[in-house]
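Below is one structure; the comments refer to it alone.
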Amino acid sequence: MNSLEYKEAGTIAHLIKERRTIRDFKSDPVSNELLLELLNVAVWAPNHGNRQPWRFILYKGEGRITLADAMLQSYSAEEKERYGKPKWDYFMKVPAHLVVILKEDPRQKQWDEDYGAVCALIQNFQLAAWEQGLGVVWKTNSYNYAPKYHQAVGVQPGEKIAGVLHIGYPETVPAKQPRKTAEEMLTVIDFKSE
């Protein structure tokens, strides 16, 4: 196989290209054992100084009510009227919600490194989930920044929500979206500028 051709099923490159963001889930439950297995793969994300700057809160079953209610409490009256019921219903339909939390370092360089590490962890989780037939959507909605929401879902001072992952077995899988090629985005400098 040419090193530039990654078409064989089972390769990491194939998995990366085939993964889709899933927003429409079956109601089938996702086991805690499977979610822990996926997290134990995801934590192998690269992280500077092996700081492992993450923690997780999982909402399933009746626990989803707490998460959905916290979301609604962060909405204005107008937002509740417009989005409240459909969003609450959606939260209750998704089998599992994983809040991925970054332990914030007050030093900017370390904060940037740690946020990058948590994002790598989330991608690891999404890829491992896809490999097991699970779909994920990584959400960074505005309520993730609301202090009331933080308090309600268990985020502590000095922590940031890097994302809420909605997880379940796909009901529908969207088509591939086109990507720009690396050639369109890459600048190569192979000489010393004067």
Original post:
Looking at this structure, is Gly135 closer than 26 Å to Gly63 by Cα and loosely packed, with under 15 Cβ neighbours inside 10 Å?
Top reply: no
Original post:
Would a scan of segment 98-107 turn up a residue that is under 28 Å from Asp24 (Cα atoms), free of Cβ contacts under 8 Å to residues at least 60 places away in the same chain and either open to solvent by 30 Å² or more (accessible area, probe 1.4 Å) or not polar (S, T, N, Q) (or both)?
Top reply: no
Subject >> Top-ranked residue in segment 57-115 [being outside any helix (DSSP H, G or I) and among the aromatic types (Phe, Trp, Tyr); ranked as modelled with the lowest pLDDT] >> reply: Tyr75
Original post:
Could we say that Val30 is modelled with pLDDT of 95 or more, under 15 Å from His166 (Cβ atoms) and of a type outside the set (S, T, N, Q) here?
Top reply: yes
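Can you tell me which residue among Lys160, Lys176 is under 23 Å from Glu104 (Cα atoms) and of a type in the set (Lys, Arg)?
None of the other options fit; the residue is Lys160.
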Subject >> Residue that is over 24 Å from Ala45 (Cβ atoms) and in contact (Cβ under 8 Å) with a residue 24 or more places away in the chain, where the choices are Lys160, Lys176, Lys180 >> reply: Lys176
Subject >> Residue tally, condition loosely packed, with under 12 Cβ neighbours inside 10 Å and without any contact (Cβ under 8 Å) to a residue 40 or more places away in the chain, over segment 143-155 >> reply: 1
Original post:
Hey, among the residues in segment 12-64 that are β-branched (Val, Ile, Thr) and open to solvent by less than 80 Å² (accessible area, probe 1.4 Å), which one's nearest to Val100 (Cα to Cα)?
Top reply: Ile57
Original post:
What are the residues in segment 143-164 that are over 19 Å from Cys119 (Cβ atoms) and not in a loop (DSSP other than H, G, I, E, B), if any?
Top reply: Tyr143, Pro147, Lys148, Tyr149, His150, Gln151, Ala152, Val153
Subject >> Residues satisfying the stated conditions in segment 44-60, i.e. under 18 Å from Leu127 (Cα atoms) and of a type in the set (Gly, Ala, Ser) >> reply: Ala45
Subject >> Residue tally, condition under 16 Å from the mean Cα position of the chain (by Cα), of a type in the set (Gly, Ala, Ser) and part of a loop (DSSP other than H, G, I, E, B), over segment 23-56 >> reply: 1
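The values are calculated or read from the model by the stated rules, or taken from the named source; none is laboratory data. The shown structure was predicted, so the numbers you read here are calculated from the model rather than taken from an experiment. Glycine gets a Cβ as well: all are built from the backbone with ideal geometry, and neighbour counts include every protein chain shown. These accessible areas exclude ligands, DNA and RNA; they are computed on the full protein's heavy atoms, side chains included. Shrake-Rupley method; radii C 1.70, N 1.55, O 1.52, S 1.80 Å.
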